[in-house]
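Colleague: Below is one structure. I have some questions about it.
The values are calculated or read from the model by the stated rules, or taken from the named source; none is laboratory data. Computed from a prediction, not measured in an experiment: that's the story for all the values here. Glycine also receives a Cβ, built like all others from the backbone with ideal geometry; neighbour counts cover every protein chain displayed. We work out accessible area using only protein heavy atoms, side chains counted, and drop any ligands, DNA or RNA first. Shrake-Rupley method; radii C 1.70, N 1.55, O 1.52, S 1.80 Å.
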Amino acid sequence: MKPLISGIHHITAIAGNPQANVDFYSGVLGLRLVKKTINFDAPDVYHFYFGDELGRPGTIFTTFPFTGARKGTKGTGELTYTAFSIPSNSLDFWIERLKKYGVAVSDILTRFGEKLIRFEDHDGMGIELVANDSDDRSGWTYGQVPQEYSIKGFYGATLNLRSKELTEQLLVNHMDYRFIAQEGDRFRYGTEGKPGDLLDILVNPNGNRGMQSAGTVHHIAFRTENASSQLKVQEILMNNGYQVTEVKDRNYFTSIYFREPGGVLFEIATDEPGFAIDEEEAHLGELIKLPDWAEPNREKIEKNLTPVALKTEDYV
Ligand code: ZN
């Protein structure tokens, strides 16, 4: 039977200043701002989507930027590091580029035989770039990051948990994930086991709980093909005792949410319809797009949002 879940769809973080957020992810990292909308559950806050040129599932890092938000803390019960996939020949390029823009970069680390670097954005968000040769996605560039070095999408993510057993049961028994490898306290799972679907559990039995605010991840969404496969996942989860929400319309996909046993908020999001439903592909992310129900309040909503500019020419 075809798997119902096929890796990571998007990862959503809480951020501080919206302009600093755009500068970092579009400017420094060279991701495309594919959608500028609002948090559907809190319309006074932006929701930015960064990804490849179309915001394909598996490339989309999204943020809720709150001006003046205080910083959260990394800890257990959280997704503490989001890893992006880069070509193996690009590590030196990225180290130099990050340093050029004042980002403190780790030494080169090795994990499961692959080299990576680790750093934080302006809010303290944990990011890793994993150099590898197993990613056949093409990546995207504005021009400021040459395509041969550009980010291809997610590599995976690290869940920092007190224990792994219940989360592992969820992933393996109900979410089409399988155990791949262990290195120390780190346990790796994947659907196919490729960049874009990898999930690590870092077991930290005595770790303090994280505090969610700016610079921490709000939730991780996994991919499912369409509304019908989403309902099947919802049923499987409900039948196994997970408290799953009803289907919510997020305009660019539909979503269900539930909290995994280790404390991280999980979402299952559809691959359809994607970000080109309300803007042409060439102009994604240029205007503030609102769902139909918010459109009558556009003037009021826009007044509450700080204007942001792409300024990509500053990051060449
Ligand atoms: Zn989401």
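Colleague: Give a quick list of GluC sites (Glu not before Pro) in the stretch 276-308 that DSSP marks as loop, anything other than H, G, I, E or B, with at most 11 other Cβ atoms within 10 Å.
Modeller: Taking the stretch 276-308 and a limit of 11 other Cβ atoms within 10 Å, the loop GluC sites (Glu not before Pro) found are E280.
Colleague: Largest first and to the nearest Å, give the Cα extent of the chain along each principal axis.
Modeller: Result, largest extent first: 47, 46, 37 Å.
Colleague: Looking at the stretch 276-311, which trypsin sites (Lys or Arg not before Pro) are DSSP coil and have at most 12 other C-beta atoms within 10 Å of their C-beta?
Modeller: K311
Colleague: Using the Cα centre of the chain as origin and beta-carbon charges of +1 (Lys, Arg) and -1 (Asp, Glu), tell me which of Y101, A294, L159 is placed farthest towards the positive end of the dipole.
Modeller: Of the candidates, L159 comes out farthest on the positive side.
Colleague: Moving on to the next point. Could you pull out the pairs from K2/K289; K99/K303; K115/K289; K2/K152 whose alpha carbons sit more than 31 Å apart here?
Modeller: Violating the 31 Å Cα-Cα cut-off are K2/K289; K99/K303; K115/K289.
Colleague: Report, ordered by chain and residue number, the aspartates and glutamates lying within cross-link reach of K71, taken as a straight Cα distance under 20 Å and ignoring same-chain residues fewer than 8 apart.
Modeller: D23, D44, E120, D121, D123, E128
Colleague: Can you give me the distance in nm between label points at A227 and N239, each placed 7 Å from the Cα along the Cα-to-Cβ direction?
Modeller: 2.2
Colleague: Give the residue from M1, G184, I236 lying farthest towards the positive end of the charge dipole for the chain; charges sit on Cβ (+1 for Lys and Arg, -1 for Asp and Glu) and the dipole is referred to the Cα centre.
Modeller: Checked the options; the winner is G184.
Colleague: Express the accessible area of the chain per residue in Å², computed with a 1.4 Å probe while the remaining protein chains stay in the model.
Modeller: 43
Colleague: Note down the magnitude of the dipole of the stretch 104-146 about its Cα centre, charges +1 on Lys and Arg C-beta and -1 on Asp and Glu C-beta and zero elsewhere, to the nearest 20 debye.
Modeller: Approximately 80 debye in magnitude.
Colleague: To the nearest 20 Debye, how big is the dipole of the stretch 8-315 about its Cα centre, given +1 on the beta carbon of each Lys and Arg and -1 on that of each Asp and Glu?
Modeller: Here the size comes out at about 860 debye.
Colleague: Roughly how many nanometres apart are two label points built 7 Å out from the Cα toward the Cβ at Q169 and S134?
Modeller: Distance between label points: 2.8 nm.
Colleague: If you don't mind, there's one more thing I want to ask. So what is the 222 nm mean residue ellipticity for the chain from helices alone, if each DSSP H run of at least 4 adds -39500 (n - 2.57) and you divide by all residues, rounding to the nearest 500 deg cm²/dmol?
Modeller: -3500 deg cm²/dmol
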